[in-house]
1. Give, rounded to the nearest 20 debye, the magnitude of the charge dipole that segment 22-106 has about its Cα centre when Lys and Arg contribute +1 at Cβ and Asp and Glu contribute -1 at Cβ.
2. Just read off the accessible area of Leu84 with the full protein assembly in place, 1.4 Å probe, to the nearest 10 Å².
3. In square angstrom, what is the accessible area per residue of segment 43-121 with a 1.4 angstrom probe?
Amino acid sequence: MHMHMPCTSHAVCPCPFTVVRQNMAATEVQTRFGQSVKGLLSEKVGSCSVDVIALTRQVLKVSRSQELLGQAARNMVIQEDAILHSEDSLRKMSIITTHLQYQQEAIQKNVEHSENLQDQLMRLLK
């Protein structure tokens, strides 16, 4: 049985053991490189997934904020209408109050006039 010693010279060696060893080394390097690339790719995919989730949450927050702003604007319009209606009612009540004051003054003058007439009538009847 013939034992072949691996070549140690720097020249190209046609021996099959050296070729197999080189192929195995190349395969190991490719495997490590492939695993490294897969690992990096997996990290990037994970990072992108986290970013997409964060972006989705932000979009939902903005959407909810816009929804709340829209509701606040509608509520403000309703409140403005109520305030305008209240102002109109107060104006009308002020006018009615003024008219009632005039009527009260007129009634008071009539009562005083009526008392004067009653006094005159009583003097005439005596």
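The values are calculated or read from the model by the stated rules, or taken from the named source; none is laboratory data. Just so you know, these numbers come straight off a predicted model, no measurement behind them. Backbone-built Cβ (ideal geometry, glycine too); neighbour counts: all protein chains shown. Remember, those area values only see protein heavy atoms, side chains included, never the ligands or the DNA or RNA. Shrake-Rupley method; radii C 1.70, N 1.55, O 1.52, S 1.80 Å.
1. Values: 9 positive and 9 negative charges, 113 e Å.
Here segment 22-106 has a charge dipole of around 540 debye.
2. 90
3. About 92 Å² of surface per residue is accessible.
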